[in-house]
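Worksheet: one structure, shown below.
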Amino acid sequence: MAEIVNGTTGGKHVVDGPLTTELSAIAAPNLLLNEIDRQIVKVRPMATPIDQITRHATAKRAGSMVVNYWSVDTKPTGAALVGDYDEEDFEPSPTAQTQTITLKTDNDEIFDASDTVLVEGCSGYESDGVTQSKDYLMLYVLDRNTNGIVVTAVNGKKIGNYAGCVPTLYEGVRLLRMGRAATELDVQSPQFEALPKRLENNCQIFKMQVEQSTLQRMSRKEVGWSMSDQEEAAIYDMRLGMEKSFLFGTRGRVWDPEKKEHVLFTGGIWSQAGGDFVYTLNSGFGANEVLALMKQCFTGNAGSRRKILIAGSALISDICKLDTTRVILANESVSKWGIDFTELRSKFGTLYILLSEVFDEMNRSHHGIVIDPEYLVKYTHLPFSAESLNLKASGTRNTDALVMTEASCVVLRYPAAHVRITTV
C-alpha cells in the first residue's frame with residue numbers, strides 16, 4: 001500500500017507503491033492545477049481576451065467572495081468660469097498695491113493660494129498693459145473663500161491708471177491650474193493629499209460539468225471523440241461565459257429560494273471604465289476619430305503609453321479601412337499574452353487592437369473599450385480547478401463526471417485610464 005512520507009525539508013515522498021494522480025493531489029495539490037491553468041490559456045485565446053490577459057498576469061488572492069479594492073484618481077486640472085466678468089465693473093482700491101478680483105468657477109475647491117492659473121484662449125498683455133501678448137493671460141491665486149477664488153493678474157491689462165488688471169472674461173472660459181509660486185520667505189504651502197476611494201466587486205462562482213456514460217466511453221466511434229475533447233469544448237464555453245461576465249456583468253446578490261442560498265454576480269469592467277468616447281455612427285470611425293480617441297486615451301490620466309482596444313467587428317472593420325500614414329500606423333502585428341494584436345501607433349501612444357466576438361454577440365459591433373493592462377486586476381477566491389465526481393459510487397449515475405470551478409472577478413483599479421467607445 002503506497003504511503004506518503006515527509007522529507008527532511010518539507011517535501012513529500014511516495015513509498016511502497018506507484019505515484020498516482022490521487023497521491024499527487026494529496027502530496028502536491030497545486031501540481032496538477034498548474035497544468036490545468038497552462039492548458040486553459042491555450043484554448044481559443046483570441047475569443048476571450050480579457051480572461052486570457054488576466055490569466056497570464058499575476059492574479060490576486062481574494063480572502064472572501066466580496067472584493068474591496070482601492071482606486072485613486074488625479075486632481076482636476078481646470079474649471080470653467082461661472083458668469084461673466086466685466087472689466088468695467090472693476091472697482092480699484094487706491095491704497096492696494098495689487099488689484100484683486102474674485103472669480104466664481106464650477107469647481108473652486110481645486111484651486112489653492114499660490115496656484116498660478118492660465119486662462120485658456122485669453123491673451124495677456126505686455127509690460128505696457130496695452131499691447132496684447134502672445135502668451136495667454138495668467139492669474140495668481142491669493143485666496144479662496146465661499147464667493148470664489150481671489151486672483152490677481154500676472155500679465156494683465158491697464159485700465160485707467162491701474163496696471164495689471166484682469167480683462168473681461170466670459171462664462172465658460174477654462175481656468176487651468178499650473179505650478180505653484182512661492183515667495184522667498186515661504187516655508188510652507190497649502191496642503192495637498194490624495195485619498196483612494198474604496199470600491200467593491202463580487203467574485204462569481206463559474207462552474208461547468210462534463211459527463212460521459214460508461215457505455216458511451218466504451219462504444220466505438222466514427223471519429224476520435226473522447227472525454228478530453230468534451231472537456232476542451234466545455235472549457236471554451238465556460239471561458240466565453242466568463243468573458244461576457246467580466247465585460248458586461250452586473251454586480252448583485254440574489255436569494256435562490258430553492259437552494260436556500262445567496263448567488264453572487266460579478267460586475268463587468270464596461271461599467272467601471274472612467275472615460276467615454278462617443279462617435280457618430282453615420283460618419284464612421286475615420287482617422288480624425290482615431291486621433292481624437294488616442295488623445296483622450298493617453299492624455300490627462302497618467303496611464304501607460306501602451307493600451308489595448310477590444311472592439312466589435314464593425315468598429316474593427318472601420319479601423320481596417322484607415323490609410324497608413326506617418327501619424328497613424330495600422331499595419332504592424334505584435335504578440336502578447338498568447339494573443340496576436342494589430343498595433344496602431346500615434347504620437348500619443350500605441351493601441352493593441354483585437355476583435356472580440358463578445359461585442360458582436362451583445363449587439364455592440366460598433367462599440368469597444370480601451371483598457372490599460374497595467375491597471376487590469378483579477379481577484380481569485382477559488383482558483384480554476386477540475387474535480388472528478390464518483391457518481392457511480394454514490395449510486396447517482398453510471399457516468400464519468402468532471403466539474404470545473406472558479407470563483408473570480410476582474411476590476412479596473414484606475415478608472416480614468418480606461419475608455420468606453422460608443423455611438424450616437
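The values are calculated or read from the model by the stated rules, or taken from the named source; none is laboratory data. These numbers were taken from a predicted model, which means no experiment stands behind them. Virtual Cβ from ideal backbone geometry, glycine too; neighbours counted across all protein chains shown. Side chains included, ligands, DNA and RNA excluded: accessible areas come from the protein's heavy atoms. Shrake-Rupley method; radii C 1.70, N 1.55, O 1.52, S 1.80 Å.
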For this session: Among the residues of segment 250-298, write down those that are polar (S, T, N, Q) and touching a His at 6+ places or on another chain (Cβ under 8 Å).
Result: Gln272
Seminar exercise, completed: Going through segment 249-270 in order, the residues found to be farther than 20 Å from His381 by Cβ and at pLDDT 90 or above are Trp270
Problem set entry | Subset of segment 142-192 that is among the charged types (D, E, K, R) and open to solvent by less than 80 Å² (accessible area, probe 1.4 Å) - its residue that is modelled with the lowest pLDDT | Asp186
Exercise. In segment 400-420, is there at least one residue being part of a loop (DSSP other than H, G, I, E, B) and modelled with pLDDT of 85 or more?
Worked result: yes
Seminar exercise, completed: Going through segment 339-355 in order, the residues found to be open to solvent by less than 10 Å² (accessible area, probe 1.4 Å) and either over 18 Å from Lys321 (Cα atoms) or more than 20 Å from the chain's Cα centre (by Cα) (or both) are Ile339, Gly349
For this session: Name the single residue, out of those in segment 67-114 being under 30 Å from Ala407 (Cβ atoms) and crowded, with 16+ Cβ neighbours inside 10 Å, that is modelled with the highest pLDDT.
Result: Val67
